[in-house]
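Structure, as structure tokens:
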Amino acid sequence: MTALIVSEPMLARRQVRLAAVAALQAIPGLFVQSPGDWNTPPSNLPAALLRVSAERKDSVVQQMPEFTTSVTLDIDLRVQAATAEAAQDALEALGYQVEQALFTNYSLVGMLQQISGVDVDVEISSEGREHLGGARLRVNCELFEAFDPSAVAPALTPWPVVPPATVPLTSTGIHLDMDAPFDPSGTYTPSVDAPPYTPTPAPRTTGPDGRDEAALDITLPQ
């Protein structure tokens, strides 16, 4: 999915929907429509049809239009297989992919206070020689939303948000340089460079003196 470039604030329900669509479009081989025409030809299966079916705003403060907004995200999953068992297996496998994509998506999870609940209805039916599997997920998302007439429109930015690059954590350490005991006259180079930690210069009447009294170094992964 090509990210939208937006310069205007969006309703909470639109932010949730766009982030969810982007997350599902990252699943290989899945046909995604939003809101979808709800008639999916066999050539487009497996498919996910997504829309926001309901929203509720609960005030969090008097006078100011600030809300805890609850958004109900409806996702219809559809698969086709030669047997009922195969349709069920395919539907469960697709359900895992969809939930994994949604609940680990940086843009979606990052904007939410919580995912307050997920309801799933499943149906397997036969049509001619093929069996169809369908599941409807109702994902209840909760997030903060405010309306401010004096707010300045944001700069042009891509939406959904592109996750920042991460750096693998390869090691960590805990080093303890205490006020006491200490060396009143020695000069030492600390084993770690961790501002604002600075050894007390010599001559000193208290620590830290730049020497480790205890240390724990961990190399990852273990």
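The values are calculated or read from the model by the stated rules, or taken from the named source; none is laboratory data. None of these values were measured; they are calculated from a predicted model. Virtual Cβ from ideal backbone geometry, glycine too; neighbours counted across all protein chains shown.
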Legend entry - Scope segment 148-177; condition in a loop (DSSP other than H, G, I, E, B) and either of a type in the set (Ser, Thr, Tyr) or under 28 Å from VAL120 (Cβ atoms) (or both); matching residues: SER150, PRO160, VAL161, PRO163, THR166, THR170
Legend entry - Residue satisfying all of: in segment 1-57; part of a helix (DSSP H, G or I), surrounded by 13 or more Cβ atoms within 10 Å (Cβ to Cβ) and among the polar types (S, T, N, Q); modelled with the highest pLDDT among these: GLN25
Legend entry - Number of positions in segment 158-180 that are farther than 24 Å from PRO199 by Cα, of a type in the set (A, V, I, L, M) and surrounded by 10 or more Cβ atoms within 10 Å (Cβ to Cβ): 2
Legend entry - So VAL98, is it among the β-branched types (Val, Ile, Thr), modelled with pLDDT of 90 or more and buried (at least 18 other Cβ atoms within 10 Å of the Cβ): yes
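Going by the conditions given, is ILE115 within 30 Å of ASP58 (Cα to Cα) and not small (Gly, Ala, Ser)? Steps first, answer last, please.
Numbers: within 30 Å of ASP58 (Cα to Cα): yes; not small (Gly, Ala, Ser): yes.
For ILE115, the condition - within 30 Å of ASP58 (Cα to Cα) and not small (Gly, Ala, Ser) - is met.
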Legend entry - Which listed residue is within 30 Å of VAL60 (Cβ to Cβ), outside any loop (DSSP other than H, G, I, E, B) and not aliphatic (A, V, I, L, M), from GLU145, GLU123: GLU145
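Restricting to segment 113-140, and then to whatever is touching a residue at least 60 places away in the same chain (Cβ under 8 Å) and either surrounded by 18 or more Cβ atoms within 10 Å (Cβ to Cβ) or β-branched (Val, Ile, Thr) (or both), can you tell me which residue is nearest to ALA54 (Cα to Cα)? Give the derivation first.
We begin by selecting, within segment 113-140, every residue touching a residue at least 60 places away in the same chain (Cβ under 8 Å); these are 130, 136-140.
Now drop any that are not either surrounded by 18 or more Cβ atoms within 10 Å (Cβ to Cβ) or β-branched (Val, Ile, Thr) (or both), which leaves 137, 139.
On the way: LEU137: 13, VAL139: 11 Å.
It comes out as VAL139.
Could you please find all residues in segment 37-94 being under 20 Å from ASP148 (Cα atoms) and touching a helix residue (DSSP H, G or I) at 6+ places or on another chain (Cβ under 6 Å)?
Here is the first cut: in segment 37-94, the ones under 20 Å from ASP148 (Cα atoms) are 55-70.
Selection gives GLU55, THR69.
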Legend entry - Given (1) touching a residue at least 60 places away in the same chain (Cβ under 8 Å); (2) farther than 16 Å from ILE27 by Cα, index of the condition ALA86 fails: (1)
